[in-house]
1. Go through segment 192-221 and give me each residue that's of a type in the set (Gly, Ala, Ser) and over 20 Å from Lys296 (Cα atoms).
2. Look at Ser222 and say whether it is within 37 Å of the chain's Cα centre (by Cα), in the same structural domain as Thr262 (by TED's automatic domain parsing) and polar (S, T, N, Q).
3. Residue by residue through segment 159-180, note down the ones that are touching a helix residue (DSSP H, G or I) at 6+ places or on another chain (Cβ under 8 Å) and among the small types (Gly, Ala, Ser).
4. Out of Ile139, Ile217, Ile166, report the one residue that is assigned by TED's automatic domain parsing to the domain that holds Ser252 and in contact with a His (Cβ under 6 Å, 6 or more places away or on another chain).
5. Restricting attention to segment 163-170, does a residue exist that is assigned to a loop (DSSP other than H, G, I, E, B), without any contact (Cβ under 8 Å) to a residue 60 or more places away in the chain, surrounded by fewer than 20 Cβ atoms within 10 Å (Cβ to Cβ) and within 34 Å of the chain's Cα centre (by Cα)?
6. What are the residues in segment 285-296 that are surrounded by fewer than 18 Cβ atoms within 10 Å (Cβ to Cβ) and either within 16 Å of Asp159 (Cβ to Cβ) or under 33 Å from the mean Cα position of the chain (by Cα) (or both), if any?
7. Can you tell me which residue in segment 235-258 is surrounded by the most Cβ atoms within 10 Å (Cβ to Cβ), limited to those that are more than 25 Å from Trp113 (Cβ to Cβ) and free of Cβ contacts under 8 Å to residues at least 40 places away in the same chain?
8. Which of the residues spanning segment 181-190 are of a type outside the set (A, V, I, L, M), touching a strand residue (DSSP E or B) at 6+ places or on another chain (Cβ under 8 Å) and part of a helix (DSSP H, G or I)?
Amino acid sequence: MAESQLVCMEDGLMPAEVPESNPQFYYSERQRAAIEKLLRHGDGAFKTLLKEEKSTDFLSARELKTITSTFVKCHHADEEEENEAKQRDSESLRSTYWPQMSDTEAPALDIGWPSSGLFKGVTQVTVHTHPPKENGPHIKEVVRKLIQKSYKVVAIVMDLLTDIQILQDLFEASKRGVPVYIVLDVQGAPHFLDMCNRMKVGAKELKNVRTRTVMGIGLNLSFGKIPGNVHSKYMLIDGDKVMFGTYSFSWSCSRMDRNMITVMSGQVVDFYDNDFRELYAISDKLDLFKEFHLDKPQTGTLARAAVAKRPVTAYSRFQVNLGDTARGDVPAHKYHNPKYLLALGQIPGSSTPLQEFLNTLELPKPGQQGPEEQLENPTPVPEADEPEQPKQTNKKKRWWLTFKKKQKMKNESVIEELNTDDTTKHTHVTDDTTKHTHATDDTTKHSHATDDTTKHTHATEEHTNTSSKANRETNDTVRKKRRFNFLKKAK
């Protein structure tokens with residue numbers, strides 16, 4: 001109801017008439033009376049009333065046809081129905097005609113909704129038209145890309161939703177687990193159901209889809225109501241993007257009509273977020289499972305499989321229940337832990353009374369030491385029963401000594417072999433020299449014969465001397481090398 005109508009209902013207060021030239025002009029009582037005349041008596045009576053009131057004709061031919069074809073007349077109840085209605089009103093808690101709270105609860109966004117209220121950044125705007133300009137994408141491509149890239153939520157307010165490709169993208173998003181909320185105009189809902197029926201959608205596609213219908217504000221009259229339509233056309237994507245414009249999601253609108261859409265992101269998206277939730281709260285449910293005779297998928301938790309009970313005698317080591325002390329099948333080892341004895345009310349310790357324990361004690365004899373003296377002067381107890389443990393020797397040290405001895409003996413044997421080799425070689429050299437001296441003696445006997453032979457003998461003597469020196473030097477170097485290698489190996 002308009003604000004001017006509410007003001008008229010107050011007693012003794014009639015607002016000033018706003019002229020039509022004023023931008024604030026919205027409601028006129030003359031126009032309401034003329035529309036009632038049109039619906040009661042037809043177009044002729046409507047025109048004559050406007051002439052009598054000297055008012056301008058404010059309805060076009062198309063509007064006249066739409067109003068007369070969509071008008072819903074009030075249903076007059078019988079006397080029995082009126083009595084039942086009065087009885088229901090008397091039993092209800094409403095004290096006035098205008099209730100402060102709705103009789104029904106607002107529908108919940110049960111399959112998820114992204115959190116709002118956070119700063120979404122600077123607003124960014126992109127405009128697309130059909131036909132496209134400057135080689136840009138067509139508007140249907142833009143809409144389909146937004147749906148296919150969604151991962152949080154898709155919320156649509158539309159007057160007509162019949163495009164098969166867009167519907168297929170919405171059902172694919174539902175399969176991916178993305179919540180899809182659709183608010184349709186009441187007059188466009190039958191066409192939406194018809195296209196879904198042609199596509200043969202199943203319960204799997206509709207699992208994450210929630211569809212509702214909403215009506216326009218309409219105009220209430222004294223004997224009926226003129227319903228209104230929903231011309232809002234926008235789509236929310238993931239709570240941070242919105243697409244709105246003149247484009248209806250239908251094949252003819254994307255192919256034959258001129259349209260324009262705007263894609264925005266940023267803080268302005270919060271306005272569309274609030275508007276969608278308000279429309280969803282006042283909308284009516286459209287159960288697609290009921291319309292297509294489908295079974296709803298189970299969304300609750302899975303039932304647990306039946307687990308066989310443990311046998312009575314199967315107890316763990318520390319599993320003790322209160323009240324098990326009287327049972328005979330409980331093992332005794334379960335009471336070894338003191339904390340379970342405390343839980344059962346049993347303090348760990350001797351169960352005999354203190355007096356009986358004192359009676360068992362014997363007093364020491366006159367010549368016997370008391371307990372205090374025994375503690376002060378303890379007597380050594382022979383450990384006869386325990387076998388003597390063998391002394392642990394250092395096996396590693398013994399092994400090293402034996403190894404050292406063996407190595408020393410090897411070194412001595414090698415040195416002796418080297419010395420014997422040197423002596424034998426020296427004897428061979430002396431033998432050669434003696435033989436050579438005998439030869440020289442023979443030559444000296446003939447030296448007197450010729451001078452040439454004497455010269456030859458002197459040359460041979462010099463040659464033998466040099467060869468003997470060379471042999472000695474080579475033998476010394478060989479000995480040194482062998483000793484060096486031997487010492488190196490010994491280290």
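1. Looking only at segment 192-221, we keep the residues that are of a type in the set (Gly, Ala, Ser), and these are 202-203, 216, 218.
If the condition is that a residue be of a type in the set (Gly, Ala, Ser) and over 20 Å from Lys296 (Cα atoms), then Gly216, Gly218 are the ones that fit.
2. Numbers: within 37 Å of the chain's Cα centre (by Cα): no; in the same structural domain as Thr262 (by TED's automatic domain parsing): yes; polar (S, T, N, Q): yes.
So Ser222 fails the test.
3. Within segment 159-180, just Ala173 meets the criteria.
4. Values: Ile217 fails: in contact with a His (Cβ under 6 Å, 6 or more places away or on another chain); Ile166 fails: in contact with a His (Cβ under 6 Å, 6 or more places away or on another chain).
One residue alone meets the criteria, Ile139.
5. Applying the first criterion (assigned to a loop (DSSP other than H, G, I, E, B)) to segment 163-170 yields 163.
Still in the running and without any contact (Cβ under 8 Å) to a residue 60 or more places away in the chain: none.
The answer is no; no qualifying residue exists.
6. Applying the first criterion (surrounded by fewer than 18 Cβ atoms within 10 Å (Cβ to Cβ)) to segment 285-296 yields 285, 287, 289-296.
Passing the criteria: Asp287, Phe289, Leu294, Asp295, Lys296.
7. Checked segment 235-258; the qualifying residue surrounded by the most Cβ atoms within 10 Å (Cβ to Cβ) is Thr246.
8. Filtering segment 181-190 for residues of a type outside the set (A, V, I, L, M) gives 181, 185, 187-188, 190.
Subset that is touching a strand residue (DSSP E or B) at 6+ places or on another chain (Cβ under 8 Å): 181, 185, 188.
Within segment 181-190, Gly188 is the sole residue that qualifies.
The values are calculated or read from the model by the stated rules, or taken from the named source; none is laboratory data. Values in this document were obtained by computation on a predicted structure and should not be read as measured data. We place every Cβ from the backbone using ideal geometry, glycine too, and count neighbours over all the protein chains shown.
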